[in-house]
Amino acid sequence: MDQSLQEIYDAILVGDETLTKEKVKAALESGMDASQMMNLSMIPAMTEVGVRYEQGDYYIPEMLISAIAMQQGLEILGPHLTESEYSSMGTVVIGTAKGDLHDIGKNLVAMMMEGAGFTVLDLGTDVSAEKFIEAVRSSGAEVVAISALLTTTMEYMKVVIDKLVETGLRDQVKVIIGGAPITESYAQEIGADGYAADASRAPKLVNALLEA
Ligand code: B12
């Protein structure tokens with residue numbers, strides 16, 4: 001791994017937010033590509049955090065400080081990540097499913113959508129079906145994006161979709177889902193319109209769905 005990528009990776013892994021910010025800034029200044037930084041260093045660092053947690057080497061506090069370092073790094077990286085290659089407009093209501101507090105991936109999706117020219121209404125984490133419905137009604141959104149990182153909360157995505165059907169809003173919106181445990185077949189199973197494995201593919205997916 002390139003040395004500056006390695007330094008960012010290490011800083012996130014040990015959860016040093018000051019160092020992470022410093023290293024991200026320095027890499028940007030040296031001309032390093034933002035999406036490379038994210039894909040080759042920052043996301044792999046969070047994956048390693050997950051592995052260490054699974055093996056019992058890391059506990060929740062370590063996971064949390066790494067997540068904070070990651071968020072701080074992303075804040076600096078965000079404006080550089082977004083591309084405006086796809087210029088279709090619309091409103092996206094996004095949130096993490098009820099019971100779930102993971103928001104790094106969701107925030108990345110929000111950033112990419114904003115960068116692609118969409119208006120993004122971010123409802124945060126632990127979002128109930130009612131809150132999604134209310135936001136769709138008040139914003140007239142064309143897209144609902146739901147994130148879930150836990151196998152227990154991914155099931156709630158279906159609750160949101162059922163609620164959209166129940167309230168007569170289902171035909172008005174495209175529903176896309178994502179998060180580590182989500183698969184294409186799960187998306188089909190619960191009646192979502194689309195799934196993307198990573199945030200950078202979300203704008204393209206949404207544009208394709210809205211054009212169809
Ligand atoms: C950081 C972290 C935390 C932090 C979260 C901080 C935060 N602000 O987000 C804290 C410490 C709070 C935490 C808590 C818990 N966590 Co946690 N956490 C993680 C960890 C290490 C990294 C997640 C992450 O940010 N990844 C980086 C981002 C960029 O990836 P991502 O979210 O997958 O997003 C990408 C794609 O999935 C996609 N995407 C994401 N959302 C969406 C949405 C749409 C619409 C689209 C299109 C795409 C998309 O785009 C992103 C990339 O471009 C994972 C391990 C892992 N491998 O995932 C465990 C992990 C998810 N956690 C886990 C667990 C068990 C927990 C706890 C239950 C622990 C506990 N006993 O309390 C709690 C649950 C709290 C809750 N109610 O939510 C388990 C889940 C196991 C399971 N099968 O359900 C994991 C897998 C760890 C493990 N290996 O056991 N966690």
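The values are calculated or read from the model by the stated rules, or taken from the named source; none is laboratory data. Since the structure is predicted, the reported quantities are computational estimates derived from the model, not experimental observations. Virtual Cβ from ideal backbone geometry, glycine too; neighbours counted across all protein chains shown. Side chains included, ligands, DNA and RNA excluded: accessible areas come from the protein's heavy atoms. Shrake-Rupley method; radii C 1.70, N 1.55, O 1.52, S 1.80 Å.
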Here FRET efficiency (C-beta to C-beta, Tyr53 to Glu155, R₀ 22 Å, nearest 0.05) is 0.50
Which net charge results when you count Lys and Arg as +1 and Asp and Glu as -1 among the other residues whose beta-carbon is under 12 Å from that of Met63? -3
Mean Cβ count within 10 Å, highest first, over the residues of peptides 16-25, 51-60: 16-25, 51-60
Can you give the relative contact order of the chain as a percent, counting alpha carbon pairs under 8 Å and 6+ residues apart? 16
Evaluate the distance, in nm, between pseudo-label points positioned 7 Å from the Cα of Leu209 and of Glu75 along their respective Cα→Cβ axes. 3.0
In the neighbourhood of Ala27 defined by beta carbon distances under 10 Å, the net charge of the other residues (Lys, Arg +1; Asp, Glu -1) is -3
So if R0 is 35 Å, what FRET efficiency would Ser185 and Thr18 give, r being the distance between their Cβ atoms, rounded to the nearest 0.05? 0.25
How big is the charge dipole of the chain about its Cα centre, in debye rounded to the nearest 20, if each Lys and Arg gets +1 on its Cβ and each Asp and Glu gets -1 on its Cβ? 440
Accessible area per residue, Å², the range 122-212 with all protein chains present, probe 1.4 Å: 48
Counting Lys and Arg as +1 and Asp and Glu as -1, each charge on the Cβ, what is the dipole of the range 150-198 about the Cα centre in debye, to the nearest 20? 120
DSSP-assigned coil residues among GluC sites (Glu not before Pro) in the range 111-155, each with at most 16 further Cβ atoms within 10 Å: Glu155
Alpha-carbon centroid distance for the pair the range 106-151 / the range 19-60, whole angstrom: 25
Would you please classify the overall shape of the range 68-145 from the alpha carbon gyration tensor, given that a ≥ b ≥ c denote the square roots of the eigenvalues, rounded means a/c under 1.5, and beyond that prolate means a/b larger than b/c while oblate covers the rest? oblate
Anchor Lys25: lysines whose Cα lies under 24 Å away (excluding residues fewer than 8 positions away in-chain): Lys106
When the Karplus curve 6.51 cos²θ - 1.76 cosθ + 1.60 is applied with θ = phi - 60°, which whole-Hz ³J(HN,Hα) does each residue of the range 46-61 get, with x for Gly and Pro? 5, 5, 5, 4, x, 4, 5, 5, 4, 7, x, 7, 10, 10, 4, x
Calculated [θ] (222 nm, deg cm²/dmol) that DSSP helices of n ≥ 4 give over the chain, each run adding -39,500 (n - 2.57): -16500 deg cm²/dmol
Computed FRET efficiency, Cβ-Cβ of Arg201 and Glu130, R0 22 Å: what is it to the nearest 0.05? 0.15
Heavy atoms only, probe 1.4 Å: what % of the accessible area of the chain goes to carbon and sulfur, would you let me know? 51
Once the dipole of the chain is set up with Lys and Arg at +1 and Asp and Glu at -1 on Cβ about the Cα centre, which of Gln71, Gly124, Gly179 lies farthest towards its positive end? Gly124
Accessible surface, the range 3-49, averaged per residue in Å² (probe 1.4 Å): 47
